[in-house]
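First comes the structure, then the notes that go with it.
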Amino acid sequence: MKKWMLTLSAMFVLATASFAQTYFELMPSAGYTFSDRQSFHNAYGKIDGNLNLGGSIMFNVNRSFGLELLYNHTGTTSGVYQYGSDQTPISKGNLTMDNIMFGPVGTINIPGSPVRPFIGAMLGATVFTPGAYGYSNDTKFTYGLQLGTNVYVTPRFAFRFKAQLLAPASGSGEGYYVGSTTSPAFADVYQFSLNAGLVIGLGRVMPELRPRQRMQRRPRYRYVYPPPYPYYH
């Protein structure tokens, strides 16, 4: 009986909440980044999937548009493998990827609903740090996309679910660290991840959206001619 009462109370809170949001939001998150494979001339490189951690800061201009600053960290393993059935690793080691991104986020407001779908684009940089001794960091320009939704419980608290794709750009002749070696070839890396997190609202709550009131047209004035004076003979 108590469980039913708690469930009904939670549903009542969700139904009566204003689902507003604040101008400034802090969003810690965690997720899983899937593995990616790169083909070279006579071998292939593979970055294994692993847990990613990070967070972002959202600056909301209004309820439909904001600017997000994101940081994401992934520690994983990578290696270079020979083609064939045995897939013997030529080299393998640890690899750390740190992403710093910034970009616009558009939000869809559904009247009376706590669900706020969003889509965003990002530009920034990825720092690759190989685990082998003697190799320095490698920083690459990165672009990305994200798609997801926020589910608001209160104006200052929500759950965030999203899919994210980050793609560090490579150029001709650039080296890319895989494990403890570097391959002087194209090595496009696609970091696709699924993330979940929290939205913690800070600062002032944004005003509610109000539908525009249509201006009523004034009726056109028509001149009414007075009746003619009676004519007397």
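When segment 53-89 is filtered for residues that are surrounded by 15 or more Cβ atoms within 10 Å (Cβ to Cβ) and of a type in the set (D, E, K, R), the ones remaining, listed by number, are R63, E68. Of the residues V115, V127, the single one that is hydrophobic (A, V, I, L, M, F, W, C), touching a strand residue (DSSP E or B) at 6+ places or on another chain (Cβ under 8 Å), surrounded by 15 or more Cβ atoms within 10 Å (Cβ to Cβ) and at pLDDT 90 or above is V127.
Take the conditions at pLDDT 95 or above and open to solvent by less than 30 Å² (accessible area, probe 1.4 Å) and apply them to G171. Does it pass?
Answer is no for this residue.
Scanning segment 7-30 for residues that are modelled with pLDDT of 50 or more and among the aromatic types (F, W, Y) yields F19, Y23, F24. Within segment 31-52, the set of residues being open to solvent by less than 40 Å² (accessible area, probe 1.4 Å) and either modelled with pLDDT of 95 or more or part of a strand (DSSP E or B) (or both) comprises G31, T33, D36, Q38, A43, Y44, G45, I47, N52.
Of all residues in segment 130-144, count the ones that are aromatic (F, W, Y), more than 30 Å from G106 (Cβ to Cβ) and modelled with pLDDT of 80 or more.
Initial filter on segment 130-144 (aromatic (F, W, Y)): 133, 135, 141, 143.
Cutting the leftovers down to more than 30 Å from G106 (Cβ to Cβ) gives us 133, 135.
Subsequent filtering for residues that are modelled with pLDDT of 80 or more retains none.
Counting residues in segment 130-144 that are aromatic (F, W, Y), more than 30 Å from G106 (Cβ to Cβ) and modelled with pLDDT of 80 or more gives 0.
The values are calculated or read from the model by the stated rules, or taken from the named source; none is laboratory data. These figures come from a predicted structure and were not determined experimentally. Virtual Cβ from ideal backbone geometry, glycine too; neighbours counted across all protein chains shown. Just the protein is used for accessible areas: all its heavy atoms, side chains included, with ligands, DNA and RNA removed. Shrake-Rupley method; radii C 1.70, N 1.55, O 1.52, S 1.80 Å.
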